[in-house]
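**Q** The structure's right below; bear with me while I get my questions together.
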Amino acid sequence: MNSVPKQLATFAAVLAVLFAGGAVAGQLIDPDARGEDSSMSGHGAEPSHEDDSHMTSTSTEVHGLAVADGGLRVEVEQPELRRGREQTIAFRIVDGNGDAVRDFDVTHEKRMHLIIARRDLTGFQHLHPEMAADGTWSAPVTVPEAGSYRLFADFSYRDEAITLATDLRVDGDADLKALPAAQETGVSDGGYDVQLEAANARAGRESELRFAITRDGEPVDTEPYLGAGGHLVALREGDLAFLHVHPAEGDEERGEVGFAATFPTEGRYRLFLQFKHEGRVQTVAFTQEVAR
Ligand SMILES: [Cu+2]
C-alpha cells in the first residue's frame, strides 16, 4: 500500500482546493454555467449573479447539500425506514441518462462511503454498502430513533470527489436534541476517552484537529482504518454540509490522530471521529466552533 500516503495527500489537496477556493471561486464562477443546474432552475437566460456576495458559499463549493451534482444523482429505493429494526437501504447513483454508474474509483479503500445522520446531528452511522451488478448499492441498517435523516453517498467518479445527499424518514415521534456545547473531551461508544485539541479553528483556512485517545489513562495506538489512523466526518450545523477529511501526514504521536480540515464557513460543526482498536471501530462526536 505504498500509494496510500500519495492518495491521501492528493485527496487533502483536492479538499483544500475545493474549500479554500470556495470564497474566491464563488465570486469568479458564473453560477449559471453549471450545465444541468441552470436548465433545472430555469436561470439559463437570466443575467448571472456573480457580483452578489451571498453567492460566495453556495452548494457549488460546499459538499453534501444536493441530490444531484457533477452530472450525477442519487436515487434511494425506499427512503422511509422503520425504526429499530434491521432493514436494507438501497440506492443507485445515476447519470444524466438515468443509467446507474458502476465504475467508481476506490477512495479510502472503498468505492462507496455511506453516511447517515439525523438532522439534529445525532444518530451518526458510517456504512460500506455492496454494489450489485446493476449498480444498486445496499447495506443492512438499523436506525433506533425516529426523525428526519440525511443520507450521504460519498464517492469518487472519474477522479472527482462527489458527495450526494438526500432525506430519509424514520417513522415515529422524533425527540430532537439541541447541539451539545463545544467540549474538548468525549467518550467513544466503546469507552475510550478522547481529548480534542483544535485551537484557532478558522473559516476558510486549514485548521489542525488533534485527537488524543486513551483508555484507562493509557495512550492508545489506533489500528489502520480505511487506510489511515482514523477517519473524520464534519457536518455543519443548520444544513449538514459535509466535510470529509483524513489524517494529516507525519503526525503520529503515540495515542494521537491528527487531521487537517478546512471549514468552509464560520459556525458550529459536529465532528465524528472514528478509529479502530482491538479490531473494533470506535465512534466519538464533538461540537466544534469555527470562527470567522
Ligand atoms: Cu467509509
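Derivation of every value follows stated rules applied to the coordinates shown; laboratory data play no part. What you see is a predicted model, and the numbers here were worked out from it, not measured in a lab. Note that each Cβ is placed from the backbone with ideal geometry, even for glycine, and that neighbours are counted across all protein chains shown.
**Q** Could you tally the net charge around residue 158, taking each other residue with its Cβ under 14 Å from the Cβ of residue 158, Lys/Arg +1 and Asp/Glu -1?
**A** So the surrounding residues net to -4.
**Q** Can you tell me the length gained on complete extension of the stretch residue 176 to residue 221, counting 0.36 nm per residue apart and subtracting the Cα distance?
**A** 12.7 nm
**Q** Volume per residue, Å³, of the convex hull around the alpha-carbon atoms of the range 183-292?
**A** 93
**Q** How big is the charge dipole of the range 155-292 about its Cα centre, in debye rounded to the nearest 20, if each Lys and Arg gets +1 on its Cβ and each Asp and Glu gets -1 on its Cβ?
**A** Once rounded to the nearest 20, the dipole reads 380 debye.
**Q** Follow-up. Search the structure for amide H atoms under 5 Å from the amide H of residue 146, placed 1.01 Å from N in the peptide plane, and list their residues when 5 or more places away or on another chain.
**A** Excluding prolines and chain starts, which carry no amide H, the hits are 175.
**Q** Now, a different point. Want the number for residue 199 to residue 134: 0.36 nm per residue separation, take away the alpha-carbon distance, what's left?
**A** 18.7 nm
**Q** How high is the FRET efficiency from residue 85 to residue 109, r the C-beta distance, R0 25 Å, rounded to 0.05?
**A** Result of the calculation: an efficiency of 0.25.
**Q** Now a separate question. Hey, what's the per residue convex hull volume over the C-alpha atoms of the range 75-216, in cubic angstrom?
**A** 160
**Q** Sequence-distant or interchain residues sharing an amide H contact under 5 Å with residue 67, placed H: which?
**A** 165
**Q** Once label points are set 7 Å from the Cα along Cα→Cβ at both residue 160 and residue 187, what is their separation, rounded to one decimal in nm?
**A** Each label point is offset 7 Å from its Cα along the Cβ direction, giving 4.6 nm.
**Q** Sticking with this structure for a sec: Using 0.36 nm per residue of separation minus the Cα-Cα distance, give me the extension gain between residue 142 and residue 78 in nm, one decimal.
**A** Taking residue 142 through residue 78 to full extension adds about 21.6 nm, to one decimal.
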